[in-house]
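Accompanying notes for the structure given below.
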Amino acid sequence: MEKFETFTGTICAVDRANIDTDALIPKEHLKSIKRTGFGPALFSDWRYNADGSNNPNFALNHPKANGASILVGRNNFGCGSSREHAVWAVAQQGFKVVIAPREGEIPAFADIFRNNCAKNGLLTIELTNTEIDHIFQLAEADQPLSATVNLEEQTLTFDALTFHFQVDPAVREKLLLGMDDIAESLSQIEQIQAFEQIHNAQLTSN
């Protein structure tokens, strides 16, 4: 997994709440046994017309969203099934960050989706409803909207406007180090080997 570095990217703002994993990647795209090639299937029911052509009214197809790497939605993003393909599709489309708001007791992200994002190097940022409303207002302009994401300082900056966010310290550290679950386990290899030597000796003696 690559280290998460500070970058400036273009915003794609999808003004919908409760975007579930079936909307992110419909079930007909889950047949592949590979973990690659899911980017074009992202939002396929909304993104494409029945004849396969691009739907010009969908945010991802707007010229101002070309090459977007920051995806903004509404609350409860990634709800529904636990399919990890949804995260793969988001990441393989080119997004590095997904942003959503918490609304009272309604979470910004579904827990499984948030966890799957962290395991795949995708940063999820939770802001307030007011801050998200502000981003959507900025995104209404005809020109591309850019923002700088700094995970180390936990800031999201639009020109002179900066929003602060909080990420779980363990998730933040792993993203900054580019460390997935396997790499985290391997970082403890000496302790694991020492445990196995004792454990195997006990099994042999029995």
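For the reader, a short list of remarks on this structure follows.
- Subset of segment 127-145 that is of a type in the set (Val, Ile, Thr) and part of a helix (DSSP H, G or I) - its residue that is surrounded by the most Cβ atoms within 10 Å (Cβ to Cβ): 132
- Number of residues in segment 90-111 that are among the charged types (D, E, K, R), assigned to a loop (DSSP other than H, G, I, E, B) and more than 21 Å from residue 157 (Cα to Cα): the value is 1.
- Qualifying positions in segment 25-63 - out of contact with any helix residue (DSSP H, G or I) (no Cβ under 8 Å at 6 or more places or on another chain) and either closer than 28 Å to residue 105 by Cα or surrounded by 15 or more Cβ atoms within 10 Å (Cβ to Cβ) (or both): 48, 62
- Candidate set: segment 85-121, residues that are over 25 Å from residue 35 (Cα atoms) and touching a residue at least 24 places away in the same chain (Cβ under 8 Å); chosen: the one surrounded by the most Cβ atoms within 10 Å (Cβ to Cβ): 100
- Only residues that are assigned to a loop (DSSP other than H, G, I, E, B), free of Cβ contacts under 8 Å to residues at least 24 places away in the same chain and over 28 Å from residue 177 (Cα atoms) were counted in segment 1-57, giving 12.
- You will find that of 90, 97, 72, 149, the residue that is in contact with a helix residue (DSSP H, G or I) (Cβ under 6 Å, 6 or more places away or on another chain), β-branched (Val, Ile, Thr) and either under 25 Å from residue 175 (Cα atoms) or modelled with pLDDT under 95 (or both) is 72 and no other.
- For segment 152-169, the set of residues classified as exposed (fewer than 14 other Cβ atoms within 10 Å of the Cβ), among the hydrophobic types (A, V, I, L, M, F, W, C) and at pLDDT 95 or above consists of 161 only.
- Within segment 58-75, the set of residues being more than 27 Å from residue 32 (Cβ to Cβ) and in a loop (DSSP other than H, G, I, E, B) comprises 62, 74, 75.
- Filter result for residue 183 (under 30 Å from residue 35 (Cα atoms) and at pLDDT 95 or above): no
- Any chance residue 124 is of a type outside the set (Lys, Arg) and either in a loop (DSSP other than H, G, I, E, B) or surrounded by 20 or more Cβ atoms within 10 Å (Cβ to Cβ) (or both): yes
- Here residue 118 fulfils each of the conditions (1) of a type outside the set (Asp, Glu); (2) farther than 17 Å from residue 19 by Cα; (3) in a helix (DSSP H, G or I); (4) out of contact with any helix residue (DSSP H, G or I) (no Cβ under 7 Å at 6 or more places or on another chain) apart from (4).
- Of all residues in segment 1-24, exactly one satisfies the criterion of being more than 30 Å from residue 129 (Cβ to Cβ) and surrounded by 15 or more Cβ atoms within 10 Å (Cβ to Cβ), namely 1.
- Contact annotation: residue pairs with Cβ atoms under 6 Å, 6 or more positions apart or on different chains, pairing a residue in segment 133-160 that is on the phi > 0 side of the Ramachandran plot with a partner that is in a loop (DSSP other than H, G, I, E, B), are 154/165.
The values are calculated or read from the model by the stated rules, or taken from the named source; none is laboratory data. If you're wondering where the values come from, they're calculated on a predicted model, not measured in any experiment. Glycine gets a Cβ as well: all are built from the backbone with ideal geometry, and neighbour counts include every protein chain shown.
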